[in-house]
Amino acid sequence: MSVVQSIKLHLGCGTNKLPGWVNIDSVAGCQPDRVLDLMQPLPYADQSVDEILAEDLLEHFDKYMRYVVFGEWARVLKVGGKINLQVPNFKKILFRYFKFGFDNFVDFIFGENMWRSEIYIGHFGNHKWGYSEENLKAFVSQFGIETLSVEAKGLNLRLFGEKRRHVPIEEIDNFEIHSHANATGQGRATLPLRFVRERIKQFQNDIEKHEAPIAKRPVPS
Ligand SMILES: C[S@@+](CC[C@H](N)C(=O)[O-])C[C@H]1O[C@@H](n2cnc3c(N)ncnc32)[C@H](O)[C@@H]1O
(Lines give C-alpha, C1' and ligand atoms only; values in the text may rest on other atoms or scores of the structure.)
Protein backbone atom coordinates (compact mmCIF):
# COMPACT_ATOMS: atom_id res chain seq x y z
CA MET A 1 0.00 0.00 0.00
CA SER A 2 1.48 3.36 -0.99
CA VAL A 3 1.62 6.07 1.67
CA VAL A 4 0.72 9.56 0.47
CA GLN A 5 3.45 11.90 1.68
CA SER A 6 2.40 15.38 2.72
CA ILE A 7 4.16 18.25 0.95
CA LYS A 8 5.54 20.94 3.21
CA LEU A 9 7.26 23.94 1.63
CA HIS A 10 9.80 25.98 3.56
CA LEU A 11 10.06 29.11 1.44
CA GLY A 12 13.04 31.48 1.59
CA CYS A 13 14.82 29.00 3.86
CA GLY A 14 18.25 30.67 3.69
CA THR A 15 20.73 28.35 5.40
CA ASN A 16 18.05 27.02 7.78
CA LYS A 17 17.30 23.64 6.16
CA LEU A 18 14.53 21.83 8.01
CA PRO A 19 14.14 18.03 7.82
CA GLY A 20 10.79 16.91 6.39
CA TRP A 21 10.38 20.15 4.45
CA VAL A 22 11.20 21.09 0.86
CA ASN A 23 13.63 23.90 1.59
CA ILE A 24 13.47 26.51 -1.17
CA ASP A 25 15.56 29.61 -1.79
CA SER A 26 16.70 31.67 -4.77
CA VAL A 27 20.30 31.84 -3.55
CA ALA A 28 22.22 28.71 -4.54
CA GLY A 29 24.96 29.50 -2.01
CA CYS A 30 22.46 28.74 0.79
CA GLN A 31 22.28 25.17 -0.60
CA PRO A 32 18.49 24.76 -0.44
CA ASP A 33 16.78 21.59 -1.73
CA ARG A 34 15.43 23.61 -4.65
CA VAL A 35 16.78 26.84 -6.10
CA LEU A 36 13.69 28.78 -7.16
CA ASP A 37 12.88 32.42 -7.58
CA LEU A 38 9.56 32.85 -5.80
CA MET A 39 8.72 35.80 -8.05
CA GLN A 40 8.09 33.13 -10.71
CA PRO A 41 5.17 30.64 -10.64
CA LEU A 42 5.67 27.80 -8.14
CA PRO A 43 6.16 24.41 -9.85
CA TYR A 44 3.35 22.78 -7.81
CA ALA A 45 -0.22 22.02 -8.85
CA ASP A 46 -3.22 23.88 -7.43
CA GLN A 47 -4.09 22.69 -3.91
CA SER A 48 -1.29 20.13 -3.74
CA VAL A 49 0.63 21.42 -0.69
CA ASP A 50 -0.22 20.71 2.95
CA GLU A 51 1.85 23.31 4.73
CA ILE A 52 3.82 26.47 4.03
CA LEU A 53 6.44 28.07 6.26
CA ALA A 54 7.96 31.43 5.32
CA GLU A 55 10.08 33.13 7.95
CA ASP A 56 11.38 36.63 7.23
CA LEU A 57 10.43 36.39 3.57
CA LEU A 58 7.18 38.17 2.70
CA GLU A 59 8.67 41.60 3.38
CA HIS A 60 11.18 40.93 0.56
CA PHE A 61 8.44 41.49 -2.06
CA ASP A 62 7.23 44.94 -2.90
CA LYS A 63 3.77 46.37 -2.55
CA TYR A 64 2.63 44.88 -5.90
CA MET A 65 4.86 41.83 -6.27
CA ARG A 66 3.68 40.43 -2.92
CA TYR A 67 0.22 39.88 -4.43
CA VAL A 68 1.69 37.82 -7.28
CA VAL A 69 3.99 35.87 -4.95
CA PHE A 70 1.52 35.24 -2.14
CA GLY A 71 -1.15 34.37 -4.71
CA GLU A 72 1.10 31.45 -5.70
CA TRP A 73 1.45 30.28 -2.08
CA ALA A 74 -2.33 30.39 -1.66
CA ARG A 75 -2.90 28.68 -5.01
CA VAL A 76 -0.79 25.61 -4.21
CA LEU A 77 -2.04 25.25 -0.61
CA LYS A 78 -4.86 22.75 -0.03
CA VAL A 79 -8.09 23.94 1.56
CA GLY A 80 -7.46 23.12 5.24
CA GLY A 81 -3.70 23.54 4.68
CA LYS A 82 -1.68 25.52 7.21
CA ILE A 83 0.48 28.59 6.70
CA ASN A 84 3.02 30.00 9.12
CA LEU A 85 4.48 33.42 8.34
CA GLN A 86 7.02 35.52 10.17
CA VAL A 87 7.58 39.15 9.19
CA PRO A 88 9.22 42.12 10.88
CA ASN A 89 6.82 44.12 13.03
CA PHE A 90 7.08 47.42 11.18
CA LYS A 91 5.45 49.53 13.89
CA LYS A 92 7.88 48.19 16.52
CA ILE A 93 10.85 48.80 14.27
CA LEU A 94 9.86 52.46 13.98
CA PHE A 95 10.30 52.72 17.74
CA ARG A 96 13.77 51.19 17.44
CA TYR A 97 14.87 54.52 16.04
CA PHE A 98 14.34 56.15 19.44
CA LYS A 99 15.95 53.29 21.37
CA PHE A 100 18.94 52.29 19.24
CA GLY A 101 19.56 55.23 16.92
CA PHE A 102 19.53 55.74 13.21
CA ASP A 103 22.07 53.12 12.00
CA ASN A 104 20.36 50.17 13.67
CA PHE A 105 16.97 51.46 12.60
CA VAL A 106 17.88 51.60 8.89
CA ASP A 107 19.38 48.09 9.09
CA PHE A 108 16.01 46.73 10.21
CA ILE A 109 13.97 48.77 7.77
CA PHE A 110 15.94 47.77 4.67
CA GLY A 111 17.16 44.28 5.61
CA GLU A 112 20.46 42.41 5.72
CA ASN A 113 22.19 41.40 2.48
CA MET A 114 25.19 39.53 3.95
CA TRP A 115 23.37 36.52 5.35
CA ARG A 116 24.88 35.03 8.50
CA SER A 117 27.87 37.31 7.84
CA GLU A 118 29.02 35.11 4.96
CA ILE A 119 26.62 34.71 2.02
CA TYR A 120 25.84 37.77 -0.04
CA ILE A 121 22.20 37.45 -1.03
CA GLY A 122 22.14 40.65 -3.09
CA HIS A 123 18.78 42.26 -3.78
CA PHE A 124 17.05 39.17 -2.32
CA GLY A 125 18.08 40.51 1.09
CA ASN A 126 16.28 43.83 0.72
CA HIS A 127 13.04 44.55 2.53
CA LYS A 128 10.50 46.06 0.20
CA TRP A 129 7.32 46.31 2.25
CA GLY A 130 6.19 46.62 5.87
CA TYR A 131 3.53 44.83 7.91
CA SER A 132 1.47 45.51 10.97
CA GLU A 133 -0.72 42.87 12.61
CA GLU A 134 -3.80 44.46 11.03
CA ASN A 135 -2.53 44.79 7.46
CA LEU A 136 -0.97 41.30 7.51
CA LYS A 137 -4.27 39.69 8.53
CA ALA A 138 -6.19 41.74 5.99
CA PHE A 139 -3.69 40.84 3.26
CA VAL A 140 -3.84 37.06 3.75
CA SER A 141 -7.63 37.02 4.15
CA GLN A 142 -8.04 38.22 0.57
CA PHE A 143 -6.53 34.89 -0.51
CA GLY A 144 -8.94 32.78 1.55
CA ILE A 145 -6.55 32.41 4.52
CA GLU A 146 -8.11 32.74 7.94
CA THR A 147 -5.80 33.95 10.68
CA LEU A 148 -5.84 31.56 13.63
CA SER A 149 -3.41 33.58 15.72
CA VAL A 150 -0.77 36.31 15.54
CA GLU A 151 2.08 36.47 18.02
CA ALA A 152 4.24 39.54 18.52
CA LYS A 153 7.72 38.35 19.50
CA GLY A 154 10.66 40.73 19.79
CA LEU A 155 10.73 42.69 16.56
CA ASN A 156 8.66 40.12 14.65
CA LEU A 157 5.08 39.14 14.02
CA ARG A 158 4.19 35.49 13.49
CA LEU A 159 0.90 34.59 11.85
CA PHE A 160 -0.61 31.11 11.89
CA GLY A 161 -3.35 30.67 9.34
CA GLU A 162 -5.46 28.08 7.60
CA LYS A 163 -6.78 28.13 4.07
CA ARG A 164 -10.57 28.10 4.19
CA ARG A 165 -11.44 28.82 0.59
CA HIS A 166 -9.68 28.44 -2.75
CA VAL A 167 -9.90 31.88 -4.36
CA PRO A 168 -9.87 31.56 -8.15
CA ILE A 169 -7.38 33.62 -10.16
CA GLU A 170 -10.22 35.57 -11.84
CA GLU A 171 -11.28 36.86 -8.41
CA ILE A 172 -7.72 37.63 -7.34
CA ASP A 173 -7.07 39.53 -10.55
CA ASN A 174 -9.94 41.89 -9.69
CA PHE A 175 -8.29 43.01 -6.43
CA GLU A 176 -7.78 46.77 -6.52
CA ILE A 177 -4.41 47.90 -5.14
CA HIS A 178 -4.37 51.39 -3.70
CA SER A 179 -1.60 53.86 -4.44
CA HIS A 180 -1.49 57.07 -2.50
CA ALA A 181 1.65 58.16 -4.37
CA ASN A 182 0.15 57.64 -7.82
CA ALA A 183 -3.15 59.25 -6.84
CA THR A 184 -1.47 62.38 -5.54
CA GLY A 185 0.93 62.38 -8.51
CA GLN A 186 -0.14 61.60 -12.03
CA GLY A 187 -1.68 58.16 -11.79
CA ARG A 188 -4.75 56.29 -10.64
CA ALA A 189 -5.70 55.79 -7.01
CA THR A 190 -6.18 52.03 -7.51
CA LEU A 191 -4.94 49.48 -10.02
CA PRO A 192 -6.49 46.07 -10.67
CA LEU A 193 -4.15 43.16 -9.98
CA ARG A 194 -4.66 41.88 -13.54
CA PHE A 195 -2.97 45.05 -14.85
CA VAL A 196 -0.23 44.84 -12.21
CA ARG A 197 0.46 41.18 -13.10
CA GLU A 198 0.87 42.06 -16.79
CA ARG A 199 3.28 44.90 -16.04
CA ILE A 200 5.35 42.69 -13.70
CA LYS A 201 5.56 39.96 -16.38
CA GLN A 202 6.69 42.52 -18.94
CA PHE A 203 9.40 43.74 -16.54
CA GLN A 204 10.56 40.16 -15.82
CA ASN A 205 10.73 39.34 -19.55
CA ASP A 206 12.90 42.41 -20.13
CA ILE A 207 15.27 41.35 -17.33
CA GLU A 208 15.47 37.74 -18.58
CA LYS A 209 16.74 38.97 -21.92
CA HIS A 210 19.80 40.30 -20.10
CA GLU A 211 20.60 37.67 -17.46
CA ALA A 212 20.19 33.90 -16.95
CA PRO A 213 17.06 33.03 -14.92
CA ILE A 214 18.02 31.97 -11.38
CA ALA A 215 16.73 28.41 -11.66
CA LYS A 216 19.04 27.86 -14.68
CA ARG A 217 22.20 29.03 -12.96
CA PRO A 218 24.63 26.28 -11.92
CA VAL A 219 24.58 25.26 -8.25
CA PRO A 220 28.09 25.47 -6.77
CA SER A 221 29.48 22.13 -5.60
C1 LIG B 1 16.03 37.16 5.86
S2 LIG B 1 16.42 35.71 5.02
C3 LIG B 1 15.53 34.50 5.98
C4 LIG B 1 16.11 33.12 5.90
C5 LIG B 1 15.43 32.05 6.78
N6 LIG B 1 14.02 31.97 6.48
C7 LIG B 1 15.64 32.30 8.24
O8 LIG B 1 14.72 32.82 8.88
O9 LIG B 1 16.73 31.99 8.74
C10 LIG B 1 15.41 35.83 3.56
C11 LIG B 1 15.63 34.70 2.60
O12 LIG B 1 14.68 34.81 1.55
C13 LIG B 1 15.31 34.54 0.34
N14 LIG B 1 14.60 35.18 -0.76
C15 LIG B 1 14.40 36.51 -0.94
N16 LIG B 1 13.78 36.74 -2.10
C17 LIG B 1 13.55 35.51 -2.66
C18 LIG B 1 12.96 35.07 -3.87
N19 LIG B 1 12.50 35.94 -4.77
N20 LIG B 1 12.88 33.75 -4.13
C21 LIG B 1 13.37 32.85 -3.23
N22 LIG B 1 13.97 33.21 -2.08
C23 LIG B 1 14.06 34.52 -1.79
C24 LIG B 1 16.72 35.08 0.51
O25 LIG B 1 17.64 34.53 -0.37
C26 LIG B 1 17.01 34.75 1.96
O27 LIG B 1 17.64 33.50 2.09
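So how many residues does the stretch 1-15 have that are in a loop (DSSP other than H, G, I, E, B) and either in contact (Cβ under 8 Å) with a residue 24 or more places away in the chain or in contact with a His (Cβ under 7 Å, 6 or more places away or on another chain) (or both)?
Restricting attention to the stretch 1-15, the residues satisfying the condition of being in a loop (DSSP other than H, G, I, E, B) are 1-7, 12-15.
Of the ones still in play, those that are also either in contact (Cβ under 8 Å) with a residue 24 or more places away in the chain or in contact with a His (Cβ under 7 Å, 6 or more places away or on another chain) (or both) are 6-7, 12, 14-15.
Result for the stretch 1-15: 5.
Among the numbered conditions (1) under 23 Å from Y64 (Cβ atoms); (2) within 17 Å of the chain's Cα centre (by Cα); (3) at pLDDT 95 or above, tell me where H123 comes up short.
For H123, the failing item is (3).
Output yes when any residue across the stretch 36-44 is free of Cβ contacts under 8 Å to residues at least 24 places away in the same chain, out of contact with any Cys (no Cβ under 9 Å at 6 or more places or on another chain) and not in a helix (DSSP H, G or I), and no when none is.
Yes - at least one qualifying residue is present in the stretch 36-44.
Please enumerate the residues belonging to the stretch 3-33 that are closer than 15 Å to V76 by Cβ and surrounded by fewer than 17 Cβ atoms within 10 Å (Cβ to Cβ).
S6
Considering every residue within the stretch 94-114, establish whether at least one is under 12 Å from the mean Cα position of the chain (by Cα) and either crowded, with 18+ Cβ neighbours inside 10 Å or within 15 Å of the ligand (Cβ to nearest atom) (or both).
no
Does E211 fit the bill of being among the acidic types (D, E), part of a strand (DSSP E or B) and either within 16 Å of the ligand (Cβ to nearest atom) or touching a residue at least 12 places away in the same chain (Cβ under 8 Å) (or both)? Write out each step before concluding.
Working: among the acidic types (D, E): yes; part of a strand (DSSP E or B): no; either within 16 Å of the ligand (Cβ to nearest atom) or touching a residue at least 12 places away in the same chain (Cβ under 8 Å) (or both): yes.
So E211 does not fit the description; no.
On the given criteria, is L18 within 11 Å of the ligand (Cβ to nearest atom), in a loop (DSSP other than H, G, I, E, B) and closer than 19 Å to K163 by Cβ?
No: the conditions fail for L18.
In contact with a helix residue (DSSP H, G or I) (Cβ under 6 Å, 6 or more places away or on another chain) and on the phi < 0 side of the Ramachandran plot: is that true of I24 in this structure?
no
Determine the pairs where a residue that is touching a residue at least 40 places away in the same chain (Cβ under 8 Å) and small (G, A, S), located within the stretch 94-112, has a partner that is within 16 Å of the ligand (Cβ to nearest atom) and not in a helix (DSSP H, G or I) with Cβ atoms under 6 Å apart, the partner being 6 or more residues away or on another chain.
G111/N126; G111/H127
Quick check, is L85 under 24 Å from F203 (Cα atoms), within 14 Å of the ligand (Cβ to nearest atom) and crowded, with 20+ Cβ neighbours inside 10 Å?
no
How many of the residues in the stretch 30-67 are of a type in the set (S, T, Y) and under 17 Å from G161 (Cβ atoms)?
So the count comes out to 1.
Are there any pairs, at least 6 apart or on different chains, whose C-beta atoms fall under 6 Å, with the first in the stretch 188-199 and within 14 Å of G71 (Cα to Cα) and the second aromatic (F, W, Y), and if so, which?
That search, which allows pairs on different chains as well, returns L193/Y67; L193/F175; V196/Y64.
Of the residues D46, D62, which single one is surrounded by fewer than 17 Cβ atoms within 10 Å (Cβ to Cβ) and either of a type in the set (G, A, S) or within 16 Å of the ligand (Cβ to nearest atom) (or both)?
D62
The values are calculated or read from the model by the stated rules, or taken from the named source; none is laboratory data. Just so you know, these numbers come straight off a predicted model, no measurement behind them. When we count neighbours, we look across all protein chains shown, and the Cβ atoms used for this are built from the backbone with ideal geometry, even at glycine.
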